[in-house]
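What follows is a set of notes on a single structure, which appears directly below.
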Amino acid sequence: MGSVDMSVRPATPTAAPPGVPAGASRRRPAAALRPHVVNYTGFRTEFTAPRRRLELPTGYVTLVFPFGEGLWVSRGGEEPSAPLRPAAGALISGPRTGWAIGVHAGAVHGLEVNMSPLGAYRLFGIPVTHFGEARVDPADVLGAAGRYLAERLRDLDSWPERFDLLDAVFTARLEGGPVAAPEVRGALSRLWADSGSLALAAAETGWSARTLRARFREQVGLSPKGIARVFRLQHALRLLAAGVAPAQVAAACGYHDQAHFGRDVKALTGLPPSRIAALRGGLPPGSALDRVPGRITSLLLPDEVPGEQRL
């Protein structure tokens, strides 16, 4: 998903809790929502130069409400060309097997919601496969409660008030939303625990391959093979961040060999493993650079160097 730069610090340093970027406010949702929504993050930064971030596949769904201009997002390695504008809309980004580039012009203000794909299916009530990277009116996915939601969030005076409003809107959606199939939930849990167990996860559902793919695309947004690739990438990046050698990472995560590991990582992220490790600088998963706990979601891209190939 394209997201915003929450890794940078304001001109006047301020203290922030571990894992929360300075200049941002982050909170877990209400208890009833926690099986579905990971966190809320409010952000507001003011810098004199643009910032570029590479957003990696995570398996989550992200909803962004921009409160001001100056945020650009694109997918597949293309540089963003048009800013997101504050209006009735928001940006929804579903699970994907490719990277995105997020750029902000220095000053950016908005709110981000991260949720599981099964949570998005429950709360929005439509197939998750529709959430590519699209601008939507929240009323289209949240009904009457979503009408003017972006404006209401923007006009409140504090992050706690905004987070409370989201709690109220999402909690009201729980009772009437569709429930994910237990087979999909079970297969998804197994694939996160062991992304190489695709055949076993599929067999445990008792479904045909066609039915399994259709249900996954509806409720997860990717095929079983696609989400397994994303989960394997996340496990591999965690090991890289811990300083494990690439050859050992490849073996531990079920790649055929180190070359296969390198090709798959570059296909999913646009960068080879060595470059990712260098840009991360040893930061653990869930650091202030990342949008969700326990996963490696983002890389802060350096200023362009003349002659250097772009993503």
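The values are calculated or read from the model by the stated rules, or taken from the named source; none is laboratory data. All values reported here derive from a predicted model rather than from experimental measurement. Note: ideal-geometry Cβ built from the backbone for every residue, glycine included; neighbour counts use all protein chains shown. Heavy atoms of the whole protein, side chains included, go into the accessibility calculation; ligands, DNA and RNA do not. Shrake-Rupley method; radii C 1.70, N 1.55, O 1.52, S 1.80 Å.
Considering the range 74-99 alone, what residues qualify as being part of a strand (DSSP E or B) and either at pLDDT 70 or above or in contact with a helix residue (DSSP H, G or I) (Cβ under 6 Å, 6 or more places away or on another chain) (or both)?
Of everything in the range 74-99, those that are part of a strand (DSSP E or B) and either at pLDDT 70 or above or in contact with a helix residue (DSSP H, G or I) (Cβ under 6 Å, 6 or more places away or on another chain) (or both) turn out to be Ala90, Leu91, Ile92, Ser93.
Name the single residue, out of those in the range 31-63 being open to solvent by 30 Å² or more (accessible area, probe 1.4 Å) and modelled with pLDDT of 90 or more, that is nearest to Thr129 (Cα to Cα).
In this case the residue turns out to be Tyr60.
Search the range 184-202 for residues that are of a type in the set (Lys, Arg) and pair each with any residue that is open to solvent by less than 70 Å² (accessible area, probe 1.4 Å) and not in a loop (DSSP other than H, G, I, E, B) when their beta-carbon atoms are under 8 Å apart and the residues are at least 6 apart or on different chains.
Sorted first by the residue in the range 184-202, then by its partner, the pairs are Arg185/Leu118; Arg190/Ala201.
Taking the range 30-54, which residues are closer than 19 Å to Pro117 by Cβ and in a helix (DSSP H, G or I)?
If the condition is that a residue be closer than 19 Å to Pro117 by Cβ and in a helix (DSSP H, G or I), then Ala32, Leu33 are the ones that fit.
Please go through the range 126-157 and pick out each residue that is touching a Pro at 6+ places or on another chain (Cβ under 6 Å) and touching a residue at least 40 places away in the same chain (Cβ under 8 Å).
Val128, Leu149
Which condition from (1) without any contact (Cβ under 8 Å) to a residue 60 or more places away in the chain; (2) out of contact with any helix residue (DSSP H, G or I) (no Cβ under 7 Å at 6 or more places or on another chain) is the one that Pro160 breaks?
(1)
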